[in-house]
Amino acid sequence: MADTERSETPDITAVAHASTGKSWFEFLLDEALLEKHLLGDNPDPSGTQLILQFLQHAEAVPNVGKDQTSNGTEGKGDEKQGEPKSGENKKTKALKLLALKIAAFLKWDLDVLDKSIPLSMMSALLTELVKIAFPQDLDPETLKDGDLSLLPDETVFALMLYHRWCVKTAIKDSFPSRPTKTLNVPVPGVVDPTLGLNGANKSMLESVKSQLTGSALILEKCSNLTKSLMMPSIDSIAGLHENTETITHQWDKGQLIPNEELICQICYDLGCYHFFHENYQQAHAMFTKSSSLLQKVVNPHFLRLDRSRLSGYCSACNALLNMEVKSDAPSLQERVEQCRKNNFKGIVELLREDNQKSELSVHYRVSVEEEIRKLNNLPLLFQVCTCNIIRQVLEGKAILSPYLDMLEGESESNLQLILEMSSEVIKKCSFPKKTNLKCFLSHLCQSLPASTNFTSGLLKSDLRQQFDQREVEELQSYQHEDQDFMKLGPAPHTELNDTSSLERQVLITYEPKKLKELLVKLQGKLTRQQLMVLSDKWKVSRDIQRGFDSLVSCLDQVYGYICLVKAKQCTQMKMFQSAHDLLLASDASVKDLSYKLSKLIRWEILQVDIQLFQQADGFLESSTVQDIMKRTKTCITSLRLDSDMSPSSDIVGHCVAFLLNIKDWDYLGNLDNTNSGYIEFGRLLSLLCKELPNMKESRKAAREVWEAVLQIFTTTEQQKRSSSGAPSSMKRESNLGLISRAHFVQFIQRIKDPVVLSALVSCVTKLYNLLKNDLTSEISSDYVTMWPTALGSSSQLNLPAVSDAVTTLMQHAVFVNPTQPSWLKTQADLHFAHAQYSGAMHCYMEAALVASDYFSRPVPKTILDDQVYKRLIKSCNYLQCYTQAAVLCQVLEEVDYVTAFRSFQEKHCQDAMDAYYDCIWDVTILEFLINLHAKKGELEKKQRALHAIGQLELNSSNSEDILVLAKQKRMQKFLRTLAKHYL
């Protein structure tokens, strides 16, 4: 429960040692020191801390509720009023009185006291107040039917305060709250000091709830009081000294609380009580009375009331009881709600008012618009939509297309309504909102035809003053353009539409034959240059652009160019078959015009075929692996010969990746003395892969790859002067790498061969580990021993760039082969290093599942070792799955009992908790659980732990084989459960 768990009291010795101020016994020796200490700035210890210390030393917790009655009074034996009861020495009584003095200094503020004092101690504190304020000659049973006004002020106040606390405590317990985290680490054999207190808190909470009806009756009687009450102050409560025989309290030295303030607080608490029990009619009456009395309260001494919360309660009661809100100045939203009940009469005026005040949210206004739309009242709907579109324009969140469709066919008077509403708000809005509104009006002038007279109406209205001369001329030009357009006549207009339709079809067509037909129709209507620039997204390389520009202007030139640029678009959309067909058509149209251009296009075809092979793992009908390999090697040879015409670096990168993927490492390994960084990097990778998995023979090749990767991620520092003339340094990417970082990241995403990918993963993750230099988050991978174990200088290497490359590479590797356990483990390590614990648990479980065939056999140590189990424990703790973490603690070679016991003590757990007890095989952990649940009174959980420990196969007298089988059985069951949770 919320209240039983929120108040965890530290041990008294801990409080005393933690405080650097005065000790509790000093106040017992010198009574005058208490008020002086509390009046200081930030007293240490604070008032609530002192109350805790006094009540702890007075042994208040064990005596809670022994003689307590339903009215908050204690049964009186033969002891006299003002004297300590039998069994209670003077020290105990003095400490309790000191605690009451502090509560009086805090003006009996229950909110302050409840935050720091446990339930059991709060009950003891208030019960002590009732006891010392209760007349000796009064029978507590007479309170049920008696008149409270006849009792002394101190007695009425004590009863009222106690029963207010009962009501607040019961209501607060019904609200969900986050429990306080336990700080101590329990050890077997040592009793948790908070367990006894928790039990007392739970017991006290049950007692408070059982007498809740009686508390409400007492408060009802208090609400009928007509007199003011004297609130006990710190001077009202007498102290107790060694030589004192009787105690005489001076109640007349208290603070007089006006009747309005007192009844206001009581009515608020009673309203909360009735609201809690869903008696909304009575709650409304109490809250209404409290609201009216609140207006009369000036400088409150006792009243502790949240005005906004009281207003919320009143609004809630009004809504639940369908009552009309009576207010001198209702808010705009309340007026709109009232308008809703009256079939939206006057809604337009309210929305126009809100356009100036901006009180209603846009979402709320849209909901009103949707309700009106269902009424099929089109005139009202248009006005509401216009109000809303102006508000949205002012906020810069308008979507104009639906509104412009609505304006079609509207009368001139409705369009003038837009100008009228805009004129109302533009004078009072800020400059950004004014700019938004002017842009909106200019857009309407440009979009609406001249027959609507919208532009002329704008220029004649007050809105013209908001536009400067240049903007006015622009608005007038829209009107003239519209008039000139209307003079064109029907025939040219139809022809223009036909041409536009053909252009749109060219833009959306990707079939070569249909493109040719459309271009034939457009021939003569548009020039060659106009056809080649129909879309600003049509871009080609500089060499290809020069090739097309050098051709004689003809239809084949335009057709070849458009087929080529559309093939580029298809490639970006990964429509490789369509791109292949378009490129073949482009090549066929230009091969008789230019051999050089045809060769460039054939290289583009080769790139598309390679991409299709890599993406879909298939081949075109006219292609084979040998055909693509032959064309790839021809392309690389043309580059090596350094001829006048060479393929682009992007095509070369695809060719090298293709040869690596088909394992043609011998050919790549012999390619030296080339000017291409892609070919050189591919050669180094080929030499390395040829030697794997022989680690000794591959060290030399691995060193060369390592140096190449280091150069790619190296930065250079350049000096630059700022505007003030002071020198500053700037780090830039080094140009010494074989390829740039961006090209490297693109290149590794084209690799699909598992050996090459494993080598790249191993190299980049090793570099990442050395740069980060954090053993707790080191990333594992294959072939890790063949790389250098240290860096000469890491200051020039870019760690963020390496981190991004590792992330991209691992995402690609897992996509290529999602069932490779070592890659899944590396991905999990990467998630853990980046503190992405949910992703780490997902990948660790996936790796374990794949490696063990869904846990049908033990998970290999190469996947889940001791280090990985520790990471799983840490991840579970961060995800607040504490029981899972505790169960995993027993898997370690040395069982981590401290972490396991701490995890079981956590109160805010997000997993199945005791459902995992059947997966525990460590008897020590199960014994701890049985003891823990017994102390907490959690009988069901205790029974589950007893059932788990009672299994015969866990008997310590069993043979080792039986114990190992029991462990494996529970381990496999638990791992399957984790897999279902995280996968």
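So for segment 923-939 (the condition being closer than 19 Å to Lys870 by Cβ, free of Cβ contacts under 8 Å to residues at least 60 places away in the same chain and not basic (Lys, Arg)), does at least one residue qualify? Checked segment 923-939: at least one residue is closer than 19 Å to Lys870 by Cβ, free of Cβ contacts under 8 Å to residues at least 60 places away in the same chain and not basic (Lys, Arg). The condition of being within 50 Å of the chain's Cα centre (by Cα), modelled with pLDDT of 85 or more, part of a helix (DSSP H, G or I) and surrounded by fewer than 18 Cβ atoms within 10 Å (Cβ to Cβ) holds for only one of Ser311, Ser292, that being Ser292.
Pick out the one residue from Thr246, Thr288 that is in contact with a Gly (Cβ under 6 Å, 6 or more places away or on another chain) and of a type in the set (Ser, Thr, Tyr). Steps first, please.
Details: Thr288 fails: in contact with a Gly (Cβ under 6 Å, 6 or more places away or on another chain).
Of Thr246, Thr288, the one residue that is in contact with a Gly (Cβ under 6 Å, 6 or more places away or on another chain) and of a type in the set (Ser, Thr, Tyr) is Thr246.
Can you pull out every residue in segment 857-870 that is in contact (Cβ under 8 Å) with a residue 40 or more places away in the chain and not aliphatic (A, V, I, L, M)? Within segment 857-870, Pro858, Thr862 qualify.
Kindly indicate whether any position in segment 528-537 is within 25 Å of Gln615 (Cα to Cα) and at pLDDT below 85.
Yes; the residues of segment 528-537 include at least one that is within 25 Å of Gln615 (Cα to Cα) and at pLDDT below 85.
Name every residue in segment 755-780 that is part of a loop (DSSP other than H, G, I, E, B) and modelled with pLDDT of 90 or more, in order of residue number.
Keep residues of segment 755-780 that are part of a loop (DSSP other than H, G, I, E, B), which gives 773-774, 778-780.
Passing the criteria: Glu778, Ile779, Ser780.
List the pairs whose first member sits in segment 416-433 and is in contact (Cβ under 8 Å) with a residue 40 or more places away in the chain and of a type in the set (S, T, N, Q), whose second member is open to solvent by 60 Å² or more (accessible area, probe 1.4 Å) and assigned to a helix (DSSP H, G or I), and whose Cβ atoms are under 6 Å apart, counting only residues at least 6 apart or on separate chains? Cβ pairs passing all conditions: Ser423/Asp462. Residues in segment 956-983 that are part of a loop (DSSP other than H, G, I, E, B), open to solvent by 80 Å² or more (accessible area, probe 1.4 Å) and not hydrophobic (A, V, I, L, M, F, W, C): Ser956, Ser957.
For segment 830-838, indicate whether the set of residues that are of a type outside the set (Gly, Ala, Ser), crowded, with 20+ Cβ neighbours inside 10 Å and more than 26 Å from the chain's Cα centre (by Cα) is non-empty. Outline the logic, then answer.
Taking segment 830-838 and keeping what is of a type outside the set (Gly, Ala, Ser), we get 830-832, 834, 836-837.
Filter once more, so that each one left must be crowded, with 20+ Cβ neighbours inside 10 Å: 830-832.
Next, from what is left, pick out any that are more than 26 Å from the chain's Cα centre (by Cα): none.
So far as segment 830-838 goes, no, none of its residues is of a type outside the set (Gly, Ala, Ser), crowded, with 20+ Cβ neighbours inside 10 Å and more than 26 Å from the chain's Cα centre (by Cα).
Inclusion of Val336 among residues that are in a helix (DSSP H, G or I) and under 33 Å from the mean Cα position of the chain (by Cα) is not warranted. Figure legend. Inter-residue proximity from segment 570-590: first residues in contact (Cβ under 8 Å) with a residue 60 or more places away in the chain, second residues open to solvent by 10 Å² or more (accessible area, probe 1.4 Å) and outside any helix (DSSP H, G or I), beta-carbon distance below 7 Å, spacing 6+ or different chains. Indicated pairs: Cys570/Tyr510; Ser578/Tyr510; Leu582/Tyr510. Set side by side, the residues Arg304, Arg309 differ, and just one is charged (D, E, K, R), in contact (Cβ under 8 Å) with a residue 40 or more places away in the chain and not assigned by the TED database to the domain that holds Asp109, which is Arg304. In the set (1) open to solvent by 50 Å² or more (accessible area, probe 1.4 Å); (2) in a helix (DSSP H, G or I), Val472 fails one condition alone, (1). Looking at Ser648, Ser686, just one residue is under 49 Å from the mean Cα position of the chain (by Cα) and either without any contact (Cβ under 8 Å) to a residue 12 or more places away in the chain or within 21 Å of Lys599 (Cα to Cα) (or both), and that residue is Ser648.
The values are calculated or read from the model by the stated rules, or taken from the named source; none is laboratory data. Since we're looking at a predicted model, the values are computed, not measured. Note that we place each Cβ from the backbone using ideal geometry, even for glycine, and neighbour counts take in every protein chain shown. Just the protein is used for accessible areas: all its heavy atoms, side chains included, with ligands, DNA and RNA removed. Shrake-Rupley method; radii C 1.70, N 1.55, O 1.52, S 1.80 Å.
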